[in-house]
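Step one of this worksheet: look at the structure below.
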Amino acid sequence: MRTLLTGSKGQLARCFRDRLPDNWELIATDSTSLDITDAEAVRNMVQNFQPDAIVNAAAFTAVDKAETHVGTAFAVNATAVHNLASAARA
């Protein structure tokens with residue numbers, strides 16, 4: 001199984017990677033290797049890697065900062081999810 005994992009430096013992604021079957025092929029990305037808020041970058045990654053599954057473990061989780069960084073929080077927690085879903089559907 002080919003899997004694209006986002007948010008690879010976070011706790012959820014680390015737990016996922018620890019339990020991943022040995023025969024799965026994984027591309028683990030973080031915000032520096034794949035900007036999931038960039039629809040074209042996501043589309044290119046999915047087209048090139050052709051994953052069977054996409055696991056989104058990326059999120060803007062700093063609740064206090066989300067109140068002052070509304071645009072960033074929305075981009076990561078909403079727009080990026082849309083980008084991943086659209087690329088998966090395509």
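Nothing in this text is a laboratory measurement; each read-out follows from the coordinates by a stated rule. Predicted model, so just to flag it, every value in this text is computed and none were measured.
Below are the figures for this structure:
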{"read-out": "Cα-based helix-to-principal-axis angle, 80-89 vs the chain, degrees rounded to 10", "value": "30"}
{"read-out": "For the chain, calculated [θ]222 nm from helices alone, where every DSSP H run of n ≥ 4 adds -39500 (n - 2.57)", "value": "-11000 deg cm²/dmol"}
{"read-out": "The chain - convex hull of alpha carbons, volume per residue in Å³", "value": "82"}
